[in-house]
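K.L.:
Attaching a single structure in structure tokens format; questions to follow.
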Amino acid sequence: MTKIPPNPHEVGALPAVNSDTGAVITPEASTSLGRALVVEDERTLAGMVAAYLSRAGFETDVVHAGTAAVAAVRETDPDVVILDLGLPGIDGIEVCRQIRTFSDCYVIITTARKDEVDTLIGLSVGADDYLTKPFSVRELTARVQAVLRRPRTVDRAHRAEPQTVWTFGTLRVDPIGHEVHLDGKPVSLTPTERDLLMTMAARPGMAFSRRQLIDHVWGGGWVGDEHLVDVHIAHLRRKLGDDPETARYVTTVRGVGYRMGRG
């Protein structure tokens, strides 16, 4: 068992990490806020991230390779995966692609590469958010907490609406069941794509700026490139078979952002 040294900027000791399994040892009395899986081949960084997440109240597991990550997601069914792109064996892109075939958990990718293409590829296979190394472990923990607050935030907005299902042509959006159907068939969306759609569907007459969508979906404390919204909107449109020119479901409002289409 390896002890993770305390952060000098924090008060109190960080939890212990089992060096064999990667599991963080948490007090039995603690209340879990959810399960997180850290996928990182740099063991020191992995232990530090896991320790901070554990201290914040998450049940946390750690793996150091891509194949182990896919197996761990199947076994533990985490709420969120912190996924490094530069993994030995199968890389983080392939890991994310495989995870998305059977899980809709949130995925936050981390990468040491500055190339924007790496980030866009990661998002294209279903990641929800990203951080570029070196990053603040506190910021990562805040991002995890933010994505796991999303369902509650969306639910609060939906409870104010009298309708239980919103219809836009042949598109049906169910905010209570968190389901989307097009032409009577279910549409497989990532959590971020679904949250963006439901945010716009809840106020179909409102034109949302990128910043407003970020505040609703990622949280008000999110910092990064706001064009992240454009990437997820493009994926959402593709899955809905929506042509940006006709924009039946997601309409671009020039100079502002996006709003829900009429269907």
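K.L.:
Tell me which residues, restricted to the range 220-235, are at pLDDT 80 or above and under 14 Å from the mean Cα position of the chain (by Cα).
P.N.:
228, 229, 231, 232
The rows are residues; the columns are (1) among the aromatic types (Phe, Trp, Tyr); (2) within 19 Å of residue 78 (Cα to Cα); (3) modelled with pLDDT of 85 or more; (4) surrounded by 18 or more Cβ atoms within 10 Å (Cβ to Cβ).
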site: 95; (1), (2), (3), (4): no, yes, yes, yes
site: 110; (1), (2), (3), (4): no, yes, yes, yes
site: 127; (1), (2), (3), (4): no, yes, yes, yes
site: 134; (1), (2), (3), (4): no, no, yes, no
site: 138; (1), (2), (3), (4): no, no, yes, no
site: 144; (1), (2), (3), (4): no, yes, yes, yes
site: 152; (1), (2), (3), (4): no, yes, no, no
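Residues are listed down the side, and each one gets a yes or a no for (1) in contact (Cβ under 8 Å) with a residue 40 or more places away in the chain; (2) touching a strand residue (DSSP E or B) at 6+ places or on another chain (Cβ under 8 Å):
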residue	(1), (2)
39	yes, yes
55	yes, no
67	no, no
72	no, yes
78	yes, yes
87	yes, yes
95	yes, yes
110	yes, yes
122	no, yes
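K.L.:
Return yes when residue 256 is more than 15 Å from the chain's Cα centre (by Cα) and surrounded by 15 or more Cβ atoms within 10 Å (Cβ to Cβ) and no when it is not.
P.N.:
Working: more than 15 Å from the chain's Cα centre (by Cα): yes; surrounded by 15 or more Cβ atoms within 10 Å (Cβ to Cβ): no.
Against the criterion (more than 15 Å from the chain's Cα centre (by Cα) and surrounded by 15 or more Cβ atoms within 10 Å (Cβ to Cβ)), residue 256 does not qualify.
K.L.:
Keeping to the range 29-39, report how many residues are modelled with pLDDT under 95 and over 17 Å from residue 147 (Cα atoms).
P.N.:
The total comes to 3.
The values are calculated or read from the model by the stated rules, or taken from the named source; none is laboratory data. Keep in mind it's a predicted model, so treat the numbers as computed, not measured. Every residue, glycine as well, gets a Cβ built from its backbone with ideal geometry; the counts of neighbours run over all protein chains shown.
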